[in-house]
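K.L.:
First the structure, which I've put down as structure tokens, then a few questions once you've had a look.
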Amino acid sequence: MRKPADLRKAEIVAKVIDLADRIGPDRVTTGAVAKAVGVTQAALFRHFPTKADMWGATADHVAETLSAAWAEALAQSDDPVTRLKALVTAQLDRIAASPALPMLLFSRELNVENADLRAAFRNLLTAFHGHIVREADAAQHRHLLRDDVLAADIAVLLSSLVQGVAIRWSLGARGFPLRDEGLRLLDVQLHLLAARKD
């Protein structure tokens, strides 16, 4: 029985993400995806005429899930430091749920072969950075974080913390709980950034 087009597209995208995790993004071919989904390449091309289209849909899916996770994180509290922690937690949880994400950032597919995919992921990182900047700025205005460090620099530090721990987790065969390690390091960073009490 043939699946509706939307369901089949969602299945293909899910398989792209799964294969990127299992065999690496650079080895994900349309043939490998078609075989994993159980369709012919011709059937796959009916949904995505090119490999770039397939990756574009994958990037859209990642963007939707991350944006929804960030919105949920920001809705949890009015306290900007709590919101910072919630944003980082959401990011770590999404990476744990889709372990291919850190590998995608350094893949040949992203960095050499697909400019649209590179732009999509750059936009995602920029959006996350923007959320962190806004919350860090709000925390500084409430005298919760030190104000002698630019909010934009705080965002770079916290974004880099997430990326660094995610890469270490990926390269280390996921030998430690990503969320726990990320939040432990976040607490250290926030302690160092906390406003000094006179």
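K.L.:
Could you report the chain's accessible area per residue, 1.4 Å probe, as an integer in Å²?
P.N.:
In whole numbers, the chain has 54 Å² accessible per residue.
K.L.:
Take the alpha carbon atoms of the chain, find their radius of gyration, then divide it by 2.2 N^0.38 Å using N residues; give the quotient.
P.N.:
Taking the Cα Rg and dividing by 2.2 N^0.38 Å, one obtains 1.16.
K.L.:
Oh, and also: Under a cut-off of 25 Å between alpha-carbon atoms, report the lysines in cross-link reach of Lys35, not counting same-chain residues fewer than 8 places apart.
P.N.:
Lys3, Lys9, Lys15, Lys51
K.L.:
Considering the options Asn123, Val165, Ala136, tell which one lies farthest towards the positive end of the dipole of the stretch 88-198, charges being +1 on Lys and Arg and -1 on Asp and Glu at the Cβ, about the Cα centre.
P.N.:
Towards the positive end, the residue furthest out is Val165.
K.L.:
Given the Cα-Cα distance of Arg168 and Arg184 and 0.36 nm per residue of separation, how much length would full extension add, in nm?
P.N.:
Stretched out fully, the Arg168 to Arg184 stretch lengthens by 4.3 nm.
K.L.:
State the percent of C-alpha pairs, over all pairs in the stretch 17-99, separated by a distance greater than 22 angstrom.
P.N.:
41 percent
K.L.:
Less than 23 Å apart at the alpha-carbon level, and either on another chain or at least 8 residues along: which lysines does that give for Lys85?
P.N.:
Filter leaves Lys197.
K.L.:
Run the dipole for the chain about the Cα centre, Lys and Arg Cβ at +1, Asp and Glu Cβ at -1, nothing else charged, and hand back the magnitude in debye, nearest 20.
P.N.:
I would put it at about 700 debye.
K.L.:
Given the convex hull of the Cα atoms of the stretch 117-198, what is a quarter of its surface area in nm²?
P.N.:
6.2 nm²
K.L.:
Okay, next question. If you add up the charges near Ala127, with Lys and Arg at +1 and Asp and Glu at -1, over every other residue whose beta carbon is less than 14 angstrom from its beta carbon, what do you get?
P.N.:
0
K.L.:
Under a point spin-label approximation (7 Å from Cα along Cα-to-Cβ), what is the Ala96-Phe176 distance to one decimal in nm?
P.N.:
A separation of 1.4 nm, rounded to one decimal place.
K.L.:
Cα centroids of the stretch 1-48 and the stretch 74-94: how far apart, whole angstrom?
P.N.:
Here the two parts' Cα centres lie 33 Å apart.
K.L.:
When the accessible area of the chain is split by element with a 1.4 Å probe, what percent falls to carbon and sulfur?
P.N.:
So the carbon and sulfur contribution to the accessible surface is 55 percent.
The values are calculated or read from the model by the stated rules, or taken from the named source; none is laboratory data. Treat the numbers as computed from the prediction; the structure is a model and nothing was measured. Cβ: placed from backbone, ideal geometry, glycine included. Neighbour counts: every protein chain shown. For the accessible areas, the whole protein counts, side chains as well, though only heavy atoms, and no ligand, DNA or RNA atoms are used. Shrake-Rupley method; radii C 1.70, N 1.55, O 1.52, S 1.80 Å.
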